[in-house]
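Okay, structure first, notes after.
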Amino acid sequence: MAAFEVCEFGLSFPNPIIAGSSALTGNIDSIKKLSAAGVGGIVLKSLFEEQILMASRAEANKGGVIYGLDEIDDYIGYYERKHSLAEYVALIRAAKQETGVPVIASINCASEGEWTAFASDLEAAGADALQLNIFALRAQDLGAIVRAVKSRIRIPLIAKIGYYHSDIAQAVRDLERAGASAAVLFNRPYSIDFDIEKMALTQGAFYSGHEEMAHPLRWISLLHGTTGLPLFASTGVQSGDDVVKMLLAGATGVEVVSAFRRQPESVISAMKDRLGEWMQAHRFESVDAFRGRMSQASSRAPAMYERVQYMKYYGDLQ
């Protein structure tokens, strides 16, 4: 029987398939279903930095205006009322009572401002770890945010970043130096589109596609063995084969969202079944036994990971 268990930064995940932050992880009923289906961990639907600020300022009778733009303030005020900090704390407590897997709180943030003081509330509620979805373009901001939050909590801090950095390897090193416990590659940026008849800005593709896993697959392959941080894959993971690929690249686990949008229970089961079949076929008794087997550090042709497109189409690579 293949062993799926993954142990990192003091937490034990029954398997490497983790439900990423989404609407599915924002209410206790769907969280219970994900847990019953056998997911390895749950990242709760994210709070936003702005929500925390509004909640704290409202309590202090300081008003709710943050950006000074009425339409933005109205939207954030509405969202905060629908999903307040107090409700989030209650969700953490309920998830811990109803599931037997690690429950990870999540915050979308872009600065190391006053909101960081509330990170300790999420720890006190029982969160096993805190994931920061950091939308900061400058590498120095990443370290500053992690350090500010790390000073407030003792639970593991996981940093999820986007791929819009001039040097992703340096960004991961900055996270490690700042005290992060793990990194997630990558945040999926909000997608835009244009309605050319109305000449209006619209939302682009909401869900990720299989082809988008190329970004985390490449960078986890490149970074495995070069950092002490466990690396989790996010974006584009749609099947059990994709899970195997990310683990071969060096990922500790995968965060899945889009593939769960219809029937998460059947997707989780199919992913676990495929992972087990593959491991049995290749005679691996544990996930640790093959993690990173196809990373750049383990390759006899490491240049392929960085320049394979040129070699394949203009060279002799078969």
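The values are calculated or read from the model by the stated rules, or taken from the named source; none is laboratory data. Computed from a prediction, not measured in an experiment: that's the story for all the values here. FYI the Cβ positions are ideal-geometry reconstructions off the backbone, even for glycines, and counts take in every protein chain you see.
Among the residues in segment 67-80, are any at pLDDT 85 or above and in contact with a helix residue (DSSP H, G or I) (Cβ under 8 Å, 6 or more places away or on another chain)? Step through it out loud before you land on a result.
From segment 67-80, those at pLDDT 85 or above are none; that's our starting set.
Checked against the condition, which is being at pLDDT 85 or above and in contact with a helix residue (DSSP H, G or I) (Cβ under 8 Å, 6 or more places away or on another chain), segment 67-80 yields no hits at all.
Check W278 against each of (1) modelled with pLDDT of 95 or more; (2) within 17 Å of the chain's Cα centre (by Cα) and name the one condition it does not meet.
It is condition (2) that W278 fails.
Taking segment 18-30 as the search range and keeping residues that are of a type in the set (A, V, I, L, M, F, W, C) and out of contact with any strand residue (DSSP E or B) (no Cβ under 6 Å at 6 or more places or on another chain), which one is modelled with the lowest pLDDT?
Within segment 18-30, the subset of a type in the set (A, V, I, L, M, F, W, C) is 18-19, 23-24, 28.
In the following step, the residues that additionally are out of contact with any strand residue (DSSP E or B) (no Cβ under 6 Å at 6 or more places or on another chain) were identified as 23-24, 28.
On the way: A23: 92, L24: 95, I28: 97.
Per the stated criteria, the residue is A23.
When only residues in segment 154-163 that are touching a residue at least 40 places away in the same chain (Cβ under 8 Å) and in a strand (DSSP E or B) count, which is farthest from the chain's Cα centre (by Cα)? Working first, answer last.
As a first pass, look at segment 154-163 and keep what is touching a residue at least 40 places away in the same chain (Cβ under 8 Å): 156, 158, 160, 163.
Now narrow it down to the ones that are in a strand (DSSP E or B): 158, 160.
On the way: I158: 8, K160: 5 Å.
Across segment 154-163, the extreme among qualifying residues is I158.
Restricting segment 176-192 to residues that are outside any loop (DSSP other than H, G, I, E, B) and loosely packed, with under 14 Cβ neighbours inside 10 Å, which is modelled with the highest pLDDT? Give the steps one after another, and end with the answer.
Of all residues in segment 176-192, those outside any loop (DSSP other than H, G, I, E, B) come to 176-178, 182-185, 192.
Still in the list and also loosely packed, with under 14 Cβ neighbours inside 10 Å: 177, 192.
Numbers: R177: 96, I192: 82.
Residue satisfying both the conditions and the ranking: R177.
Please verify whether T226 is buried (at least 20 other Cβ atoms within 10 Å of the Cβ), out of contact with any Gly (no Cβ under 7 Å at 6 or more places or on another chain) and β-branched (V, I, T), treating the condition exactly as stated. Let's see the steps before the verdict.
Working: buried (at least 20 other Cβ atoms within 10 Å of the Cβ): no; out of contact with any Gly (no Cβ under 7 Å at 6 or more places or on another chain): yes; β-branched (V, I, T): yes.
No: the conditions fail for T226.
Among what's in segment 251-304 and is of a type in the set (F, W, Y) and in contact with a helix residue (DSSP H, G or I) (Cβ under 7 Å, 6 or more places away or on another chain), pick the residue that is surrounded by the most Cβ atoms within 10 Å (Cβ to Cβ).
Ranking the qualifying residues of segment 251-304, first place goes to F260.
Restricting to segment 196-219, give me the number of residues that are modelled with pLDDT under 90 and touching a Ser or Thr at 6+ places or on another chain (Cβ under 9 Å).
9
Please specify each residue of segment 90-138 satisfying the condition of being surrounded by fewer than 19 Cβ atoms within 10 Å (Cβ to Cβ) and part of a helix (DSSP H, G or I).
Within segment 90-138, A90, R93, A94, K96, Q97, E98, E114, A117, S120, D121, E123, A124 meet the criteria.
Are there any pairs with C-beta distances below 7 angstrom linking a residue in segment 164-175 that is within 16 Å of A144 (Cα to Cα) to a residue that is assigned to a loop (DSSP other than H, G, I, E, B), with the two at least 6 apart or on different chains, and if so which?
Going by the 7 Å Cβ cut-off, the qualifying pairs are A171/H165; V172/T227; V172/L229; R173/T227; L175/L229.
If you check every pair at least six apart or on different chains, which have Cβ atoms under 8 Å apart with a residue in segment 25-43 that is under 12 Å from P102 (Cβ atoms) first and a residue that is hydrophobic (A, V, I, L, M, F, W, C) and assigned to a helix (DSSP H, G or I) second?
Between residues of segment 25-43 that are under 12 Å from P102 (Cβ atoms) and residues that are hydrophobic (A, V, I, L, M, F, W, C) and assigned to a helix (DSSP H, G or I), the close pairs are V39/I268; I42/I31; I42/L34; I42/A95.
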